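The values are calculated or read from the model by the stated rules, or taken from the named source; none is laboratory data. From a predicted model like this one, the values you see are computed outputs, not experimental measurements. Cβ placement follows ideal geometry from the backbone for every residue including glycine, while neighbour counts extend to all protein chains displayed.
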């Protein structure tokens with residue numbers, strides 16, 4: 001279902017804002033920002049998983065030439081707690097450390113060498129405490145307590161229908177347990193920031209961040225100052241994927257600026273990023289799924305155990321989103337889910353592309369293929385007969401009223417899937433290299449789960465007619481700055497290059513919320529459109545007064561308001577702006593949008609947590625060598641319902657990047673605390689591992705979205721690993737229940753196939 005309206009800017013592929021600078025190497029990342037006379041910052045971190053701090057002796061560090069100051073928790077003037085949702089993480093620990101990497105002291109020195117030397121000179125007297133690293137063990141009564149309130153941070157329950165009774169009437173019930181590993185974000189640019197004190201006394205921090213307005217609030221709270229005294233500017237950001245939503249460098253920079261009034265710089269090493277930043281939550285998921293003889297889903301029961309590590313970060317958000325999506329993009333009358341989010345002494349789990357949905361998608365899509373196999377059904381067909389449609393109700397009881405594109409996505413991959421099954425799969429010649437075809441589908445709620453999720457934007461017009469768009473949204477490579485300019489351009493009927501954009505600077509922009517949860521195009525895009533629409537109304541209204549004609553006879557055309565006949569009178573933006581100002585009209589226009597949602601009931605989990613959902617289906621073509629365990633993903637066909645693609649090439653770019661991350665999630669990535677220290681120990685896909693990707697844009701316009709748009713950032717990743725693992729099962733004849741499907745697991749799963757090949761060869 002595609003929208004047929006022809007647009008001027010929407011759906012086009014203009015040069016991306018800032019692309020020339022990037023190609024020429026001009027964007028200045030934090031590590032490269034020239035700041036005169038800047039002090040270097042370093043943080044002393046705990047070597048213990050769990051220990052009480054008895055004493056910190058910084059005296060020896062002051063004997064090192066170049067050391068200016070050592071800060072401890074006692075030097076924090078405000079409230080020493082940070083956290084995205086739950087404020088439970090100290091900037092500098094005063095009592096006890098809870099994971100290897102907890103921050104204990106901050107060093108400011110004249111140069112890197114002095115700062116590094118000081119790390120080894122500070123003496124901390126620790127009393128080691130019992131620790132817990134397994135979330136199941138953490139739930140036991142006698143488990144070491146990570147936090148005084150207990151180890152269970154949060155439980156999300158969902159109850160729909162009568163699950164246990166429904167299972168009794170099912171033709172087939174399958175129950176399996178799945179595991180996913182902790183993952184590192186591995187963005188190109190490690191965490192970094194610089195800071196200085198402005199002439200007005202404000203503390204200015206330039207940071208690699210996804211949420212500048214949140215940063216400002218937390219830094220101000222730490223320092224006990226008004227928010228207006230803190231200015232956060234998003235510097236060029238070399239990737240985030242969720243980890244740069246947390247306060248990584250910003251709090252330390254703010255503390256040093258507050259006390260020293262000198263410029264400072266803090267750039268994480270790759271090892272420090274691995275040690276101290278958020279990880280993808282490892283999940284243990286038990287799914288019980290029942291169907292009737294025709295393959296129609298009857299009941300699903302899920303237990304999800306979420307390890308949030310030492311601190312909450314985005315744990316509550318992940319533990320809310322994961323069970324809501326545990327049904328997959330399918331209609332089921334009876335559904336029950338319990339998600340337990342648990343503290344351990346592992347590195348803390350935070351936001352990472354998908355917020356728990358990539359993990360549960362692996363589980364529910366494995367279940368769908370297992371059901372299809374047991375019933376003798378085609379994997380694509382079982383998804384087709386169960387997929388959500390307009391009028392369906394989700395597991396949380398939400399009625400879907402528009403823009404439900406999962407059926408269209410299944411249709412879009414049909415011919416590719418049939419070709420792969422009937423021709424490609426049997427074309428291999430090496431008996432040890434087994435080919436498989438797999439399907440993975442998903443749905444993803446756009447924005448935060450059942451809570452307020454607002455955004456704002458502003459547009460101004462100068463007296464010379466120049467237009468500036470202000471947005472608080474951090475562009476971390478997804479191209480939001482260009483998308484917003486396209487939306488404003490479309491609304492105002494002016495060229496995109498006639499719009500100047502100021503983004504992610506708390507001095508000039510208002511809060512647009514976090515760059516996360518695939519929310520910015522939908523939510524901030526709506527705010528931009530509203531602001532531009534208000535300016536358009538002024539232009540038409542004031543133009544009508546100037547031209548002395550009805551407003552209904554006027555249009556905007558390339559910087560002019562003119563009569564619709566094309567030959568009539570016209571007034572330029574500058575003329576209108578001057579007239580409007582003379583008449584006392586404001587030339588600043590604000591837009592705001594907060595999607596309509598309903599919170600999840602704490603007992604039943606019923607509600608409308610998202611205003612709209614994105615949908616997708618991927619088909620994976622995989623070759624697995626049962627002799628060596630090597631897996632090659634040959635091709636991914638990726639169909640995505642994005643509502644309306646504002647910037648199609650950027651959407652495709654998101655899909656390519658999502659597939660790359662999905663390959664890593666499926667086959668190679670695993671963060672092991674105490675073992676994984678750097679890129680030497682953590683394997684991510686390279687260009688050699690990338691499959692051919694065919695991106696198919698399905699457009700089922702969302703009525704509440706800007707020009708019908710939804711989002712694609714998270715969805716681009718989610719179906720990839722499920723499709724690959726289902727393809728592996730098809731190739732090997734055995735299913736893998738834990739990610740990553742690394743060499744050892746593939747060899748184990750391929751053992752039976754290998755034996756049969758060798759037996760056949762002996763004949």
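See the values below:
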{"quantity": "Which numbered condition residue 353 fails, given (1) buried (at least 22 other Cβ atoms within 10 Å of the Cβ); (2) part of a helix (DSSP H, G or I)", "calculated": "(2)"}
{"quantity": "Which listed residue, of 143, 138, is touching a strand residue (DSSP E or B) at 6+ places or on another chain (Cβ under 8 Å) and at pLDDT 95 or above", "calculated": "138"}
{"quantity": "All strands (runs of 3 or more DSSP E) inside segment 158-216 with 1 or more residues being assigned by TED's automatic domain parsing to the domain that holds residue 81", "calculated": "192-197, 203-207"}
{"quantity": "Hits in segment 23-37 - residues which are in a helix (DSSP H, G or I) and in contact (Cβ under 8 Å) with a residue 60 or more places away in the chain", "calculated": "30, 31"}
{"quantity": "Single match in 454, 431 (criterion: over 15 Å from residue 381 (Cα atoms) and at pLDDT below 95)", "calculated": "431"}
{"quantity": "Selection status of residue 576, more than 15 Å from residue 493 (Cα to Cα), in the same structural domain as residue 514 (by TED's automatic domain parsing) and buried (at least 18 other Cβ atoms within 10 Å of the Cβ)", "calculated": "yes"}
{"quantity": "Positions within segment 297-329 being surrounded by fewer than 24 Cβ atoms within 10 Å (Cβ to Cβ) and in contact with a helix residue (DSSP H, G or I) (Cβ under 6 Å, 6 or more places away or on another chain), in sequence order", "calculated": "298, 301, 305"}
{"quantity": "Filtered residues of segment 653-675 (kept if part of a loop (DSSP other than H, G, I, E, B) and crowded, with 22+ Cβ neighbours inside 10 Å)", "calculated": "669"}
{"quantity": "Of the criteria (1) surrounded by 20 or more Cβ atoms within 10 Å (Cβ to Cβ); (2) at pLDDT 95 or above; (3) within 30 Å of residue 414 (Cα to Cα), which one residue 478 fails", "calculated": "(2)"}
{"quantity": "Selection status of residue 290, in a strand (DSSP E or B) and either buried (at least 23 other Cβ atoms within 10 Å of the Cβ) or at pLDDT 95 or above (or both)", "calculated": "yes"}
{"quantity": "Flag for residue 120 being without any contact (Cβ under 8 Å) to a residue 60 or more places away in the chain, assigned by TED's automatic domain parsing to the domain that holds residue 42 and either surrounded by fewer than 17 Cβ atoms within 10 Å (Cβ to Cβ) or in contact with a helix residue (DSSP H, G or I) (Cβ under 6 Å, 6 or more places away or on another chain) (or both)", "calculated": "yes"}
{"quantity": "Filtered residue count, segment 123-135, keeping only those that are surrounded by 14 or more Cβ atoms within 10 Å (Cβ to Cβ) and not in a loop (DSSP other than H, G, I, E, B)", "calculated": "3"}
{"quantity": "Residue in segment 224-246 that is touching a strand residue (DSSP E or B) at 6+ places or on another chain (Cβ under 9 Å), part of a helix (DSSP H, G or I) and more than 23 Å from residue 661 (Cβ to Cβ) present", "calculated": "yes"}
{"quantity": "Any hit, segment 248-257, residues being outside the structural domain of residue 516 (by TED's automatic domain parsing), outside any loop (DSSP other than H, G, I, E, B) and free of Cβ contacts under 8 Å to residues at least 60 places away in the same chain", "calculated": "yes"}
{"quantity": "Given (1) touching a strand residue (DSSP E or B) at 6+ places or on another chain (Cβ under 6 Å); (2) surrounded by 24 or more Cβ atoms within 10 Å (Cβ to Cβ), index of the condition residue 105 fails", "calculated": "(2)"}
{"quantity": "Residue that is closer than 26 Å to residue 140 by Cα and modelled with pLDDT of 95 or more, where the choices are 358, 329, 347", "calculated": "347"}
{"quantity": "Any hit, segment 363-370, residues being part of a strand (DSSP E or B) and in the same structural domain as residue 670 (by TED's automatic domain parsing)", "calculated": "no"}
{"quantity": "So residue 115, is it over 28 Å from residue 741 (Cβ atoms) and surrounded by 15 or more Cβ atoms within 10 Å (Cβ to Cβ)", "calculated": "yes"}
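Table: residues versus (1) part of a loop (DSSP other than H, G, I, E, B); (2) in contact (Cβ under 8 Å) with a residue 60 or more places away in the chain; (3) under 30 Å from residue 261 (Cα atoms); (4) touching a helix residue (DSSP H, G or I) at 6+ places or on another chain (Cβ under 8 Å).
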site	(1), (2), (3), (4)
13	yes, yes, no, yes
17	yes, yes, no, yes
21	no, no, no, no
56	no, yes, yes, no
62	no, no, yes, no
68	no, yes, yes, yes
94	yes, no, yes, yes
99	yes, yes, no, no
116	no, yes, yes, no
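Every residue, every condition in (1) assigned by TED's automatic domain parsing to the domain that holds residue 523; (2) part of a loop (DSSP other than H, G, I, E, B); (3) within 15 Å of residue 636 (Cβ to Cβ), yes or no:
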residue: 695; (1), (2), (3): no, no, yes
residue: 702; (1), (2), (3): no, yes, no
residue: 735; (1), (2), (3): no, yes, no
residue: 755; (1), (2), (3): no, no, no
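Okay, residues lined up against (1) part of a helix (DSSP H, G or I); (2) touching a residue at least 12 places away in the same chain (Cβ under 8 Å); (3) outside the structural domain of residue 606 (by TED's automatic domain parsing); (4) more than 25 Å from the chain's Cα centre (by Cα):
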| position | (1), (2), (3), (4) |
| --- | --- |
| 395 | no, yes, no, no |
| 402 | no, yes, no, no |
| 411 | yes, no, no, yes |
| 416 | yes, yes, no, yes |
| 429 | no, no, no, yes |
| 435 | no, yes, no, yes |
